[in-house]
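Each value in this text was obtained by applying a stated rule to the coordinates, not by laboratory testing. Values in this document were obtained by computation on a predicted structure and should not be read as measured data. Every residue, glycine as well, gets a Cβ built from its backbone with ideal geometry; the counts of neighbours run over all protein chains shown.
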Amino acid sequence: MIVSVIIPYVQTRGSGFEELRYALRSIERNLKLNAELDVVIIGDCPSWVRNVRHIEIDRDAKAEFTNCFDINRKMSRIINDQNISDQFIYTYDDIYFLKPVGPQFFDRRICVRELDERRRTESLASGKFTTFRKLIWKTFDALRAQGCRQIYNYETHLPRAFDKFRMQEVFNTYAPTFNRLLFSSLYFNHFYRAENPKMLVADETKIKAGFYGDPDPLSFPSENEEGVKQLFSEYVIANHNDEGLSPALAKTIMERFPDKSKYEE
């Protein structure tokens, strides 16, 4: 059996740290699906990458809600590609599998938090109604229009397992590329309406150690090397953005995955 592992990628200067290299090393070491992995990078692809399939797709930097538009175009391409497995893993270039992860990992429903009108009001009143929050509530309204009553924010930035044909139904029903909607929240709310997922915001899962360099409730401090190593021993997945990538975190990631993988030259 072959399982496609999809990584959307945009080549940027960023911090200069090669997240993708270490993400690929973590996949080779710890993604244990009892199947041959067909690693697919969609978007840009660094010249040092080996033994992956590259699907090239241009990024339209002028589109409204650029990132949302871009990831939806990529997902649309994936679910209409006959060479992608019917069930596939969707992960990111800044996700590190810290421990062995098998198929059962992807059976768990994990969200950020529940969404309701009270939270929308609080979000508007906070003065921090960012582009991403606008997309969350656009997606919320689209789900409500389709009859969903209990709605969760599934934008966890965790690796996910998706069914290609179910995702096609999501795209046919909600047109997320055109409407600028978030496909993970659409998918899991649409197909798992009766489930009560575990919430990252309550740290109910001990799954993701996120490092984002701000007071976000899902962010851990990354300045202390011993503290980072302790979190790496407790959690299954690590993730960061440029602001959270401290020297201590970068050093811990490199020490955790020192050996070259088959996915690099």
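What the table shows:
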{"item": "Placed amide H near Gly244: partners under 5 Å, 5+ positions off or other chain", "result": "Gly213"}
{"item": "Those GluC sites (Glu not before Pro) in the range 25-97 that DSSP places in a loop and that have at most 15 other beta carbons within 10 Å", "result": "Glu56, Glu64"}
{"item": "Cα-based radius of gyration of the range 184-254 once divided by 2.2 N^0.38 Å, which approximates compact folds", "result": "1.29"}
{"item": "Exposure proxy ranking, count of Cβ atoms within 10 Å, fewest first, for Leu158, Leu135", "result": "Leu135, Leu158"}
{"item": "For the range 15-71 versus the range 124-167, the gap between their alpha-carbon centres in whole angstrom", "result": "23"}
{"item": "Reciprocal mean inverse distance between Cα atoms of the chain - Kirkwood radius, Å", "result": "19.2"}
{"item": "Where trypsin sites (Lys or Arg not before Pro) fall in DSSP loop in the range 199-248, at most 16 other Cβ within 10 Å", "result": "Lys206"}
{"item": "Under 23 Å between alpha carbons - lysine pairs in the range 2-201 that sit 8 or more apart or on different chains", "result": "12"}
{"item": "Whole-Hz couplings from phi, Karplus 6.51/-1.76/1.60, listed for the range 107-121; x for Gly and Pro", "result": "7, 7, 9, 10, 10, 7, 6, 6, 10, 7, 5, 4, 5, 4, 4"}
{"item": "Residues Ile27, Ile2 arranged by fewest to most Cβ contacts within 10 Å", "result": "Ile2, Ile27"}
{"item": "Residue order, fewest to most beta carbons within 10 Å, for Asp38, Asp107, Asp86", "result": "Asp107, Asp86, Asp38"}
{"item": "Reachable aspartates and glutamates, given that their alpha-carbon falls under 20 Å from the alpha-carbon of Lys262 and they are not under 8 places away in the same chain", "result": "Glu18, Glu19, Glu28, Glu36, Asp38, Asp44, Asp93, Asp94"}
{"item": "Antiparallel %, DSSP beta bridges [both residues in the chain], to 5", "result": "35"}
{"item": "Coordinate range along principal axes, alpha carbons of the range 66-121, Å, largest first", "result": "44, 32, 22"}
